[in-house]
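Notes for the one structure printed next.
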Amino acid sequence: MKRLLCLAVGLCLLVSGCVTPARDTVFQASTIDALLAGVYDGDMSCRCLLKHGDFGIGTFDRLDGEMVLLDGNMYQIKADGKVYEPDPSVKTPFATICQFNADRGIPIKTGSDYETIENLINEYAPNQNLFYAIKITGQFRSMKTRSVLGQQKPYPPLKEVTSNQPEFNMKSIFGTIVGFRCPPYVKGINVPGYHLHFISSDRTQGGHVLSFEIADGKCEIDVLNQYFLTLPANTKEFAETDLSRDRSKELKDAERR
């Protein structure tokens, strides 16, 4: 009887999300193709999302800015390029997070840009079939980011939104890149390859990373071999969206890097 009680309590904690997030696990809310199609209504609150990790990226209800989750703190970089701290009740239509525990560090050379870092991580993490959380902290000679403006219904597709996105050019700035390298087989579910966001050390600037050059910094990666996807269960827009289409070109246009 005692064992059954302990098991019941354990199951309740698991369902309620009150247990410590599992290590080496990607937790994802909704799919990238749903976002590309214009499903921007948030389905999961930031409060709930934070139960599943302390590190990650995403966006907010109505596509209102870029998300950076770092050291358990949630930040929202809006279309003005400034950083805000969203209320825990604010919802997200798409996010990818984990409990970050660095498995290894990767030495970075001065002058490294986005492509150089991609090649470097690929060398140190050659297994393309696993997920990797990526954290790069340091000083950047340059950092180019973008964000998106909160949308109104009827929502346009993501590639239309990002075609008029505000972009921000920062020079000699300290901060942290937060993101993931996802396997190629997640096409339609997440972004295959690299997807990175940035936030400055003083928490005033950031956004979706378009390009950068590193002056000095360190790179850490967390190897993730478990994947948990939760889908909007009660969202009409998600239920009625055609997710059978190949939206690879739309994703490339939206990422624009």
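Annotations for the structure displayed:
- Separation of alpha-carbon centers, segment 150-174 and segment 180-225, rounded to whole Å: 17 Å
- Chain lengthening between Ala22 and Asn122 when straightened (0.36 nm per residue, less Cα-Cα): 33.5 nm
- The charge dipole of segment 125-257, taken about the Cα centre with unit charges on the Cβ atoms of Lys, Arg (+1) and Asp, Glu (-1), comes to about 180 debye, rounded to the nearest 20.
- Rounded to the nearest 20 debye, dipole of the chain from Cβ charges on Lys, Arg, Asp, Glu: 300 debye
- Selection from Leu243, Thr96, Gly81, by position along the positive dipole direction of the chain (Cβ): Thr96
- For segment 115-240, average projected area of the Cα convex hull in nm²: 9.4 nm²
- Over the residues of the chain, the helix contribution to mean residue ellipticity at 222 nm works out to -5500 deg cm²/dmol, using -39500 (n - 2.57) for each DSSP H run of at least 4.
- With the simple spin-label model, which puts each label point 7 Å out from Cα in the Cβ direction, the Lys51 to Lys153 separation comes to 2.7 nm.
- Extension gain from Lys171 to Arg141, taking 0.36 nm per residue of separation minus the Cα-Cα distance: 10.3 nm
- Note on the chain: GNM, Cα springs under 10 Å; of Gly207, Gly111, Gly188, the largest mean-square fluctuation is that of Gly111.
- Shape class for the chain, computed from the alpha carbon gyration tensor (a ≥ b ≥ c): oblate, with a/c not under 1.5 and a/b at or below b/c.
- GNM result for the chain, Cα springs below 10 Å: residue of Ile134, Ile199, Ile173 fluctuating most strongly: Ile173
- Taking other Cβ atoms within 10 Å as a rough exposure proxy, Leu69, Leu158 sort from fewest to most as Leu69, Leu158.
- Across Lys82/Lys171; Lys171/Lys218; Lys109/Lys135; Lys144/Lys252; Lys51/Lys153; Lys187/Lys236, pairs whose alpha-carbon gap is larger than 25 Å: Lys51/Lys153
- Rel. contact order, % - alpha carbon contacts under 8 angstrom, at least six apart, the chain: 27 percent
- Structure remark: mean-square fluctuation, Gaussian network model of the chain, C-alpha springs under 10 Å; the largest value among Leu229, Leu196, Leu70 belongs to Leu229.
Here, each number is a calculation from the coordinates, and none is a lab measurement. Everything numeric in this text was worked out from a predicted model, so none of it was measured. Positions of Cβ are generated from backbone atoms using ideal geometry, with glycine treated the same way; all protein chains shown enter the neighbour counts.
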